[in-house]
Amino acid sequence: FKVKIGGRGTNSPLLQDHKALLFSKEKNILAFPVEVYENKSQDYISNWGDFVFQGAYIYQLNLQQGFTLKNKITHMEKEDFHKSGSYWYNADTNIDRIVYIKNHLFTLSNNKVKVYDANTHEFINELALEW
């Protein structure tokens, strides 16, 4: 199975650091941080795409159906998306790691930690980090 994510310019820390991958055979999940760009033009030579998302993609794994995107989690606020334009600029809200402890899924960035239910992916709480 394979899944295409975004267009030209899409990137993930996973491409340089295998520790950015969360894989759980027990929970049948695969998660990683990603910065997504989508090409709005058919001019692929000069168009690197427009910024549309930064956060974590959470996939459910199934041997018959492959990868199913279950959730997209971001630490960006609506104002951040409005300010971003074609390119994202504030690395402090970039999700760098996804981990789980028992039935909780944690997303970590430089400025906060968010907690979700590991099964339903419902938001539970967040902790702002002050530097």
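The values are calculated or read from the model by the stated rules, or taken from the named source; none is laboratory data. Please read these numbers as outputs of a predicted model, since none were measured by experiment. No Cβ is skipped: glycine too gets one built from the backbone with ideal geometry, and neighbour counts run over all protein chains shown. In case anyone asks, the SASA skips ligands and DNA or RNA and just uses the protein heavy atoms, side chains included. Shrake-Rupley method; radii C 1.70, N 1.55, O 1.52, S 1.80 Å.
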Per the filter on region 92-131, residues aromatic (Phe, Trp, Tyr), in contact (Cβ under 8 Å) with a residue 24 or more places away in the chain and under 15 Å from LYS72 (Cβ atoms) are TYR116
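Which residue is most open to solvent (accessible area, probe 1.4 Å), if the candidates are limited to region 7-16 and must be modelled with pLDDT of 90 or more and assigned to a loop (DSSP other than H, G, I, E, B)?
Among residues in region 7-16 that are modelled with pLDDT of 90 or more and assigned to a loop (DSSP other than H, G, I, E, B), the one most open to solvent (accessible area, probe 1.4 Å) is GLN16.
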Taking region 108-120, which residues are in contact with an Asp or Glu (Cβ under 9 Å, 6 or more places away or on another chain) and open to solvent by less than 30 Å² (accessible area, probe 1.4 Å)? SER109, LYS112, VAL113, LYS114, VAL115, TYR116
Just checking, which of ASN103, ASN94 is of a type in the set (S, T, N, Q), open to solvent by 70 Å² or more (accessible area, probe 1.4 Å) and within 20 Å of LEU21 (Cα to Cα)? ASN103
Condition check: open to solvent by 50 Å² or more (accessible area, probe 1.4 Å), farther than 30 Å from PHE1 by Cα and charged (D, E, K, R). Does LYS78 satisfy that? yes
In this structure, is LYS40 within 21 Å of LYS4 (Cβ to Cβ) and part of a loop (DSSP other than H, G, I, E, B)? yes
Considering only residues that are within 23 Å of PHE123 (Cβ to Cβ) and hydroxyl-bearing (Ser, Thr, Tyr), look in region 63-86 and name the one that is nearest to the chain's Cα centre (by Cα). THR74
Within region 18-33, of all residues that are open to solvent by 40 Å² or more (accessible area, probe 1.4 Å) and not in a strand (DSSP E or B), the one nearest to TYR59 (Cα to Cα) is ASN28
